[in-house]
Amino acid sequence: MELLRTGRLRLRPWTARAGDLDRLTDLYGRAEVTRWLGGPPTVPAAELVQRWATVHELNDLHGCWAIEPLDGSAPAGTVLFKPLPSGVGEIEVGWHLHPDSWGHGYATEAARAVVDRGFDAGLPEVYAVVRPGNEASLAVCRRLGMTPLGRLRRWYDVELEAFRLTAPERAD
Ligand SMILES: CC(C)(COP(=O)(O)OP(=O)(O)OC[C@H]1O[C@@H](n2cnc3c(N)ncnc32)[C@H](O)[C@@H]1OP(=O)(O)O)[C@@H](O)C(=O)NCCC(=O)NCCS
């Protein structure tokens, strides 16, 4: 998986190194994060890393990256770009940040990078889905310029605020 760079971040694969696994275990062990994800992951961190590697192996447009601030601080969290479950091929962008890394604009900056990468590869549109009441995540969707589609029960078997962003017109 290629590395992505933004002004303040490096996006790279999560690894099975102890530092990454500890950070993932901490991040996905926090109720203030997992309450918005439908609960904690059902598998340990090492398996998350493997599954995310598989996401990219199956389709190199997709991926789940560690968001690494260039200032040397611990990975801020995960940005995801992958198909929505039980959809018809819609691609979802998602963000899971450690609470110690909220409030810096990292989620929006990382999401913009993976969305632009998808659009550059020819993807026509991207979706985000947010649990009602998750104001911080709704704000990320707005910052990204996404269009609200209202509450839909189309994915994840639960009613979610859905958003869509359409690729800019291409010059070619
Ligand atoms: C959703 C979540 C990623 C949002 O994180 P966030 O840090 O608030 O989002 P952003 O990266 O867009 O950062 C915006 C904040 O950084 C601030 N900020 C500080 N410096 C900034 C900079 N240089 N550039 C941009 N924003 C900056 C903004 O003012 C804003 O803060 P505010 O909300 O107090 O106004 C985070 O709350 C989270 O991980 N929650 C738990 C998991 C979750 O809900 N995931 C989404 C499931 S749908």
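For the stretch 10-68, the square roots of the Cα gyration tensor eigenvalues, ordered a ≥ b ≥ c, give a/c of at least 1.5 with a/b greater than b/c, which places it in the prolate category. Would you mind classifying the chain by shape? Square roots of the alpha carbon gyration tensor eigenvalues, ordered a ≥ b ≥ c; an a/c under 1.5 is rounded, otherwise it is prolate if a/b is larger than b/c and oblate if not. Rounded is the answer for the chain, as its axis ratio a/c remains below 1.5.
Dipole of the chain (Lys/Arg Cβ +1, Asp/Glu Cβ -1, origin at the Cα centre): which of VAL49, ALA111, ALA31 lies farthest to the positive side? The Cα lying farthest towards the positive end belongs to ALA31. Scalar couplings 3J(HN,Hα) for the stretch 73-81, obtained by applying the Karplus form with A = 6.51, B = -1.76, C = 1.60 to θ = phi - 60°, are 6, 4, x, 6, x, 10, 10, 10, 8 Hz; x denotes Gly and Pro. Helical runs assigned H by DSSP (4 residues or longer) give the chain a calculated mean residue ellipticity at 222 nm of -9000 deg cm²/dmol, each run adding -39500 (n - 2.57) before division by the residue total. Considering only alpha-carbon pairs that sit under 8 angstrom and 6 or more positions apart, the relative contact order computed for the stretch 90-172 is 31 percent.
Of the peptides 36-43, 49-56, the ranking by mean beta-carbon count within 10 Å, highest at the top, reads 49-56, 36-43.
Quick one: grab the alpha carbon gyration tensor of the stretch 39-141, order the square roots of its eigenvalues as a ≥ b ≥ c, and give me rounded if a/c is under 1.5, else prolate or oblate depending on whether a/b is larger than b/c. Please report the intermediate quantities before stating the final value.
On the way: a/c = 1.31, a/b = 1.18, b/c = 1.11.
Rounded shape, in that the Cα axes give a/c under 1.5.
How high is the relative contact order of the chain, given as a whole-number percent (alpha carbon pairs under 8 Å, six or more residues apart)? Please report the intermediate quantities before stating the final value.
Values: 272 pairs, mean separation 30.8, N = 172.
Contact order relative to length: 18 percent.
For the stretch 1-31, the residues whose amide N sits under 20 Å from a probe point set 7 Å from the Cα of GLU57 along the beta carbon direction are 1-3, 12-18, 21.
Laboratory data are not the source of any read-out in this text; all were calculated from the coordinates shown. As the structure is a computational prediction, the values presented were derived from the model and not from experiment. So basically every Cβ, Gly included, is an ideal-geometry build from the backbone, and we count neighbours across all protein chains shown.
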